[in-house]
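Quick note: the coordinates plus some simple rules give every number you see, no bench work behind them. Predicted model only: the values in this text are computed from it and were never measured. Note that each Cβ is placed from the backbone with ideal geometry, even for glycine, and that neighbours are counted across all protein chains shown.
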Amino acid sequence: MDANSQQQPPVLTFEGQRYDLNSLPDDVKELVRGMQVADAQLRMHEDTLKVLAVGRQSMAMQLNEKLKGVAPLP
């Protein structure tokens, strides 16, 4: 069987409405591609923030441990 004959046309779901992506004007398709890139970048940066937060938490724990032997200012 030909896998291409069973593929459904791509559908854009936006604001609760569904659209045939192939039938949209080129400028709309370009906006959709731009939003997909923006979404991917947001996910990447959210993951980076999570990694940084974990690293910062680890450093705070190390700092807390190392300061146990240091007398604080009165």
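Just a few scattered comments:
- If the condition is being basic (K, R) and under 21 Å from the mean Cα position of the chain (by Cα), then the stretch 23-74 contributes K29, R33, R43, K50, R56.
- Qualifying residues in the stretch 1-55 (those that are in a strand (DSSP E or B) and of a type outside the set (A, V, I, L, M)) - the one surrounded by the fewest Cβ atoms within 10 Å (Cβ to Cβ): Q17
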